[in-house]
Structures are given as structure tokens and as C-alpha cells.
Amino acid sequence: MFTPENQHALISEIQDSGLLTCYTDKTGLPVSLYFNGTALEGGFADCLSQLPAPWQSAMDQLMDENFINVNLDAIRQGRLEEAVEVVVGQENTGLFLVSRFPLSHGSETGLLVTIRDISGISESRLKLSGSNVLFDLVADNMSDVFCVVGTSGKVSFLSPSICELTGYTVEELLSRPLTGIIPPDSIEVVTRIWEEYQPLFESGKISKAEIRPVCFEVKFIRKDKSVRWAEVSSSPFIDSDNNIQGVHGMIRDITERKTRQEAMRTSLQHEIELSQVKSRYISTVSHEFRTPLSIIYSNLQLLEKYRFELDEETIHDAFELSRMAVKSLLRVLDKVTIIDASGKGKLEFKPSICNVHELCQEVVDEMNEMELVPNRIDLTVANDIGNASIDENLFRHIFINLLQNALNYSDKKQNVSFSVYPGEKGFINFKVADKGIGIPPQDMQFIYDPFYRASNSRHAKGSGLGLAVVKECLQLHNGEIFVESDPLKGSIFTVVIPVGNTE
Ligand code: ADP
């Protein structure tokens, strides 16, 4: 059966085949030929010799059968004629769909003849469809539009397939202003292309060799108000004396292609961003690893070379420095692991009932072990702070990062304060305050972004990952963080965490 589904397949096959366009004079003699929008050079025989091989033998036969000016008078009266021409070759048989339209240039009425190779469609399918059905199908469904515009800008031919493309009939379309069909930005494109043709029109004549097709994309507004994309392939055309007659164009709906391109561009952009993030991870991690690794390496060398000459205290210091360096490496790895896990939605939240005071003291002790100048953190915990439902591991990450920043961005001689006090009912407030370099106002909104470092902190060590880790860990606790900072006074980070169910 000839169903709507195989109609559709048939039409797409027809549209994908080659297209030969030919303009004739009033007697039906070919004046110029274009293959897939490109002008063919030389006399008629030369033109044919430039066609792909299967087309050449087909055209020889079609010419013998005087295919172009069949029923010229009927066509002149305004009818569109279409016929499937069968060309029997030595090896196989070709099928060509020949369409003839009347076309006025100057005072003459010639023809616009289009020939499509439809041999790809199996004979059985054609028989099944019946040639009448095929003619209707092509006339009704072919979505390519041919358009011919005179040098004055007047449209002298528009194929009926414009209705499929725009929803308007040829008459409706020609009576509307261009602004109702093409949005302003695309009108600019059309105007620019048309202006580029002006010097050619003024010169009046060009040779075929000078004809260059121009391809451009424009938006258009359909009758149902939807906006779609079209690709226009335009080219000037000439008569037998090389006089420019106007411009012909082939218009095709490319909205789906544009949508696919856009989707590809977005996913490409996403890929680029991912690869940038990856390379920032690598450069941050390798940069942050360099100093601790060289500390470990130099201490190992010291111990290897002078182990029998060194006193106890120096040996102890060498081990201590190496231990701190290893811990600092582990911290960087912790940050990267947390950001990575959270990005994949795999950061685990395992709350348990904890004594908040004890937990804070453990964090402070851990920080003291890590610092070259220990005991710079003043911890104050209000008496009425009891237990809370907290994920101990994530809690450590939150306050190790905040305290590390407070120590890192302030003078080694200055202490930082870590105070814990009750907040609104059911909440505990944690405040980490320092008198350090502060954060410039213009950087404040970005400090939680991974890898972001404020403009005044470049001289200090850091990866730009600490506050991103704090944010991720807090989110799982349903907690919040606030910051007040002034480059003249220092910074105060306040964290608010719900006590949760402590039963
Ligand atoms: P980093 O490893 O660079 O410290 P963070 O994510 O922890 O990364 O912090 C982001 C940026 O915010 C830091 O580079 C720094 O510019 C700024 N910052 C964070 N905490 C402080 C603070 N207590 N004092 C001054 N600047 C800070």
C-alpha cells in the first residue's frame, strides 16, 4: 500500500537526489544550466560534460526526446508540467522527474526546468505509487522552494512549494510586506546580499565563469507565527547574450538542522568547560603538592646523609615537618575528593549524635598539630551547647577549612576566635573571626566558587577549593553560612547548623 509513512520516505529520497536547473529562452532552448545551485560553464554540450557520469548519458537521451520544450504553449499559459522520464541506459535504467514552469524575463516567456534524479526510488515502489500519485506528492510535498527575482527586486517566480514552507500561498506571500515574513535581523542579511549584487546588475553583463552562488541563512515567520530557519542558495542568471536577468534562489527549511547544531554546540561547550575544570584540578593539585613534597624530600635527604651527626632535636623537627607536609597533602586530596563526590551526587551524609564542644575541641587540636605556630585559635563554647545530630566527618571539613583560612589570611602573631553559641530555637551558631587581610567587596560573591581566589590572596598558599567544600558539607546539614569582611578589619564567617534530632 502507498501509506503516508512511505510517502514521507519517498519525498526525502527525492529531495536528497541531485538537482539540475535550466533556464530556456522563448523557444525552449536552454540558456543557462545549474547543477545543485552551481552554474555550469560554456556551451550546452560543455555544460553537460561537467555533469556526473550517470547524468550525462541521461541528459543525452532526454535531449533527444526534446524533453525541455514539450508542450511549450500549455506551459506558457501558466501550467506547471511535471513528468517522470525513464532513461534506459546500458547497465541500468534511470528515472528523472522533470518539472517545467513558465518564467518571464524581459518581454519573453521562457521556462524554468528542474530535473531531479529519482532513480534511487525502486521501480516497484513507483509502480505501487502510480505516477499520478507521485506527481501530486511532489507538487504538494516538495519543501524546496525556487524563487526568481528580477534585477528591480520584483519576484517573478515563486514555486507553489512556498506554501509548505511558510503556510502562505504564492499570492498571499507576494501581497505581504517583507517585514511580515522575515524578522529584522534577517532582513539585514537579505539587504546586504542584495546590495552585493548591485554592482553586477549595474554592469549589465557577466560571463558564466563570473557567476558565484551565495549561500546564506535567514529566519522567517510562518503564517502560524512560528519562527523557523531557511537556507538560501542564490545565484545571478543570464540570457544567451550574457545579460543579467536577475537572481534565482533555492530555499530550504533547515530548522531541524539548526536545532541539532545548537544542541551540539551546547554539548561541545559543556565538554570544553568540563575539560577546563579537569585541567584546573590538575594544575591546582600539582601546585599544592609541590611544596609539601619538596619539604618531605629535603628532610629525607637530610636524614639519609647526616643521620649519625644530627642531634635528637633536629631529627625530631625533620620528622615533624615531614608529618605536617604529609597531612597537608592529605588535606588537598580531601578537598578534591569531596568536590568530586559532591559533583557526582555521591557525598555521603551520616549524622550521629555528637557532643558539639568535644567535636570543636578535637578540630582545634588537629589544627594546632598542623600549624608551625600552634595555639592561635581561641575556642569559646557557651555552657548550654549540648549534643547535636551531626556528620562528624563533614563537620571537621567545614571547620578545618574555615579555621585554616582564618589562620592563613592573617598575621602569624595574631589569634583567631572560634566561638559556639545558641542561635534561633533548634540552631547552633559557630563563628570564626580573624583580623587578617579581609576580602575585597568585588570578590565576595565568588568566594564559594571552586578554584576562585580573591585578588588580594595570591601571595598566600591555597587552592580555591576550601569554601566550596564548606558549602557542600553545609548543604547536607541544611546549614547556612554568612560572611562579613572588610580588608581593614578582617573577616567573620558565621555558620548556622540545625541541632537535629538528638533523642
Ligand atoms: P583557598 O584555598 O584559596 O583559601 P577557599 O575556597 O578556602 O580557597 O577561599 C576562597 C578565597 O576566599 C580565598 O582564596 C581568599 O581569597 C578568600 N578567603 C577565604 N577566607 C578568607 C579569610 N578568612 N580572610 C581573607 N580571605 C579569605
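We did not get these values from a lab; they are worked out from the coordinates using the rules stated. Not measured: the values here are computed from a predicted model. Note that we place each Cβ from the backbone using ideal geometry, even for glycine, and neighbour counts take in every protein chain shown.
Overall, the ratio between the Cα radius of gyration of the stretch 226-361 and 2.2 N^0.38 Å, rounded to two decimals, is 2.30. Between the amide H of residue 427 and those of 499, distances stay under 5 Å, these residues lying 5 or more places away or on another chain, with hydrogens modeled in the peptide plane. May I ask for the net charge around residue 314, where only other residues with Cβ less than 13 Å from the Cβ of residue 314 are counted and Lys, Arg are +1 while Asp, Glu are -1? Neighbourhood net charge equals -4. Computed packing ranks the peptides 264-271, 428-435 as 428-435, 264-271, most packed first, by mean other Cβ atoms within 10 Å.
Could you compute the FRET efficiency for residue 361 and residue 413, with r as their C-beta to C-beta distance and R0 at 22 Å, rounded to 0.05? It comes to 0.40. Each residue of the stretch 27-36 is assigned a 3J(HN,Hα), and the resulting list reads 8, x, 7, x, 9, 8, 10, 9, 10, 6 Hz, derived from the Karplus form 6.51 cos²θ - 1.76 cosθ + 1.60 (θ = phi - 60°), x at Gly and Pro. Pairs from the table (278/471; 154/205; 335/425; 412/471; 425/489; 327/489) lying more than 23 angstrom apart at Cα are 335/425; 412/471; 425/489; 327/489.
Tally Lys/Arg at +1 and Asp/Glu at -1 over every other residue whose Cβ is under 12 Å from the Cβ of residue 205; what's the total?
My count for the surroundings of residue 205 gives -3.
3J(HN,Hα) couplings calculated from phi for the stretch 109-118 with the Karplus curve 6.51 cos²θ - 1.76 cosθ + 1.60 (θ = phi - 60°) are, in sequence order, 10, x, 10, 10, 10, 10, 10, 10, 7, 10 Hz; Gly and Pro show x. Amide H to amide H, with H built 1.01 Å from N, residue 19 comes under 5 Å of 36, counting only residues 5 or more places away or on other chains. Residues whose amide H falls under 5 Å from that of residue 31, counting only those 5 or more places apart or on a different chain, are 23, 24, 25, with hydrogens built in the peptide plane.
The phi-based Karplus calculation (6.51 cos²θ - 1.76 cosθ + 1.60; θ = phi - 60°) puts the 3J(HN,Hα) values of the stretch 196-204 at 5, 7, 4, x, 5, 4, 5, 5, x Hz, whole numbers, x for Gly and Pro.
Kindly identify the stretch 304-406 as rounded, prolate or oblate by the Cα gyration tensor criterion: order the square roots of the eigenvalues as a ≥ b ≥ c, call it rounded if a/c is under 1.5, otherwise compare a/b with b/c, prolate if a/b is larger, else oblate. Since a/c reaches 1.5 but b/c is at least a/b, the shape of the stretch 304-406 is classed as oblate. Counting only Cβ charges, +1 for Lys and Arg and -1 for Asp and Glu, the dipole size of the stretch 344-396 around its Cα centre is about 340 debye.
Here the stretch 461-503 and the stretch 335-394 have alpha carbon centers that stand 12 Å from each other.
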